[in-house]
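To start, the structure itself, in structure tokens.
Taken together, the values in this text are just the output of simple stated rules run on the coordinates, not laboratory data. Not measured: the values here are computed from a predicted model. Using ideal geometry, Cβ is built from the backbone for each residue, glycine included, and neighbour counts are taken over all protein chains shown.
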Amino acid sequence: ANAPFAEQTIVHSGNQSMPLEYNNAVGKSEATLTLASNRDWTVKGVDTLTIWFRGEPANSAKNLYVALNGSAVVNHDNPDAAQRAAWTEWNIDLQAFTDQGVNLSNVSSITLGLSSVTGGAGMMYFDDIRLYAP
């Protein structure tokens, strides 16, 4: 937790990734970015949100999820995702958020989180969060 508050060794591409140290003693851990610009996720026909992540084998199994606008949640389908020590690409069809009522032309926030009913702590890394057209 020292400046520059980014991981500069464990990266998928570029110069840094986002570390997320979590402790789910209270049930969930989240990191949220409120979007001040680039809120229209329909530009150029984008239809996929891609997130690269990696965890650590010592992490306990957690539910990895992404949420838009604070309410529409898509869960990763692998309950052991937090234990993956290799960079893993997660492609999410934006229709999954539209089906939950998200107006993709006005996305106000994106949240990455881990939840558990049994607690646990660990470290996750996120990189290359991008939107893609078909």
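Measuring spread by the Cα atoms of the chain yields a radius of gyration and Dmax of 14.7, 42 Å. Sorting 9-17, 91-99, 105-113 by average packing, meaning the other beta carbons within 10 Å per residue, from highest down gives 105-113, 91-99, 9-17.
Past the 20 angstrom mark, what percentage of all C-alpha to C-alpha distances in segment 52-120 do you count? Of all Cα-Cα pairs in segment 52-120, 33 percent lie more than 20 Å apart. Between V73 and Y132, full extension at 0.36 nm per residue minus the direct alpha carbon distance yields a gain of 19.3 nm. Candidates F53, S29, S116 compared by Cα position along the dipole of the chain: farthest toward the positive end lies S29, with charges placed on Cβ. Charge dipole of the chain (Cα centre as origin; +1 on each Lys and Arg Cβ, -1 on each Asp and Glu Cβ, all else neutral): 160 debye, rounded to the nearest 20. Near the amide H of T48, within less than 5 Å, lie the amide hydrogens of L94, Y132, all on another chain or at least 5 residues away, with H placed in the peptide plane.
Sparse packing (at most 16 other Cβ atoms within 10 Å of the Cβ) combined with a DSSP loop state is found for the following trypsin sites (Lys or Arg not before Pro) in segment 1-110: R39.
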